[in-house]
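The values are calculated or read from the model by the stated rules, or taken from the named source; none is laboratory data. Keep in mind that this is a model prediction, so the values were computed, not measured. Here the Cβ positions follow ideal geometry from the backbone for every residue, glycine too, while neighbour counts run over all protein chains shown. Heavy atoms of the whole protein, side chains included, go into the accessibility calculation; ligands, DNA and RNA do not. Shrake-Rupley method; radii C 1.70, N 1.55, O 1.52, S 1.80 Å.
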Amino acid sequence: MKLASLKDGRDGQLVIVSRDLSRAADASDIAPTLQAALDEWDVVAPQLEARYELLNAGKAPGDMAFDQGACDSPLPRAYQWLDGSAYLNHVELVRKARGAVVPDSFYEDPLMYQGGSDTFIGPRDAIVAAELAYGIDMEAEVTVITDDVPMGVSAKDATNHIKLIMLVNDVSLRGLIPGELSKGFGFVQSKASCAFSPVAVTPDELGNAWAESTIDLPLLVDYNDKPFGKANVKTDMTFNMSQLVAHAAKTRHLCAGTIIGSGTVSNKFEGGEGKKIEHGGVGYSCIAEIRMIEKIQTGEFITPFMSFGDKVGIEMNDADGNSIFGRIENHVEKYEL
């Protein structure tokens, strides 16, 4: 099943989207918003699924063309957004670039922070920033949405609480991160509003590509209309999505609508640092990673962060080349104070 939220007020209007992303059907008589659906998922999901089947058969009443540009993020705001760091290759590169090593505990206990979830932007909205000195960067990731998750859930049982999957552009302001982290209290200013994929999908929509609580498909990133990354989500993933959910629920319950991210998808190349696509590698899911490799290899940062007018696209295709979640496409605009 595929679901989206058309822009309408703060929480959007829930629609069901066809498997090929061409058509949509209103679902507001079943649940007005995606959050409302998640709150009563066991009751609502079968009704949504029945209409989804009608839509794919061309029999849904009042169906319409699906416009990704009219979408907000599937959850335009959420009770909770927790982002992990499942790809230790990314962490290793950041540490290596500054001459530090990754503590052994990082390989057993995931990193995770709580992000701002009150002002997500739409998948085709602009990233706004007041200064280029903030170091504007994209981060292409996979995320899951849970139902109510009990405290202390095991990773095995956490799999059953993953109800929907999305992509995200987790926008980071790299120039602000060092100052915030030096205070020892985490991110606030350095994490701008995120943009999620137009469509959220149930795990069964991924077929055999969804296994072991991860996706065995590449996450495609283009930057200013040129291929930038195609790292495989499953490859080099230290912690799968169920492990991240269990980590988040170690000491508290998670409410329905909690979003949990994988962190920047990152692959090694032939056992070492990554390579650009044009050099035979799978590229990168963020600019910071290529900068870390440049620093390691040359002693200098070469690639700049995003400038006003730059554009990033994030998408995932199935084995037949069909878009699964729709396309995130954000460009950078100057914010006038």
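Checking the structure you have, find out if any residue of the stretch 150-162 is touching a residue at least 60 places away in the same chain (Cβ under 8 Å), among the basic types (Lys, Arg), more than 27 Å from Glu333 (Cβ to Cβ) and part of a strand (DSSP E or B).
no
I need every pair where a residue in the stretch 17-29 that is farther than 9 Å from Leu55 by Cα has its Cβ under 7 Å from the Cβ of a residue that is part of a loop (DSSP other than H, G, I, E, B) and open to solvent by less than 50 Å² (accessible area, probe 1.4 Å), sequence separation at least 6 or different chains.
Correct list of pairs: Leu21/Phe66; Leu21/Val199; Leu21/Gly326; Ser22/Phe66.
Look at the stretch 146-161 and say how many of its residues are surrounded by fewer than 21 Cβ atoms within 10 Å (Cβ to Cβ), closer than 18 Å to Gly261 by Cα and of a type in the set (A, V, I, L, M).
Result for the stretch 146-161: 1.
Under the condition of being under 17 Å from Lys163 (Cα atoms) and part of a strand (DSSP E or B), which residue from the stretch 203-233 is modelled with the lowest pLDDT?
The selected residue is Ala211.
Condition check ((1) crowded, with 20+ Cβ neighbours inside 10 Å; (2) modelled with pLDDT under 95; (3) at positive phi; (4) assigned to a strand (DSSP E or B)) across all residues:
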site: Gly9; (1), (2), (3), (4): no, no, yes, no
site: Leu14; (1), (2), (3), (4): yes, no, no, yes
site: Asp29; (1), (2), (3), (4): no, no, no, no
site: Val43; (1), (2), (3), (4): no, no, no, no
site: Gln47; (1), (2), (3), (4): no, no, no, no
site: Leu54; (1), (2), (3), (4): no, no, no, no
site: Gly58; (1), (2), (3), (4): no, no, yes, no
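Tell me the strands (runs of 3 or more DSSP E) entirely within the stretch 75-132 that contain at least 1 residues that are of a type in the set (Asp, Glu) and open to solvent by less than 80 Å² (accessible area, probe 1.4 Å). Walk me through it before giving the result.
Working: elements: 81-84, 112-115, 127-129.
Counting at least 1 such residues, we get 81-84.
Can we say Leu220 is aliphatic (A, V, I, L, M), open to solvent by less than 40 Å² (accessible area, probe 1.4 Å) and either touching a strand residue (DSSP E or B) at 6+ places or on another chain (Cβ under 7 Å) or in contact (Cβ under 8 Å) with a residue 40 or more places away in the chain (or both)?
Spelling it out, it is not the case that Leu220 is aliphatic (A, V, I, L, M), open to solvent by less than 40 Å² (accessible area, probe 1.4 Å) and either touching a strand residue (DSSP E or B) at 6+ places or on another chain (Cβ under 7 Å) or in contact (Cβ under 8 Å) with a residue 40 or more places away in the chain (or both).
Counting just the residues of the stretch 249-283 that are of a type in the set (Gly, Ala, Ser), open to solvent by less than 10 Å² (accessible area, probe 1.4 Å) and not in a loop (DSSP other than H, G, I, E, B), which one comes out modelled with the highest pLDDT?
Applying the filter and picking the extreme gives Gly261.
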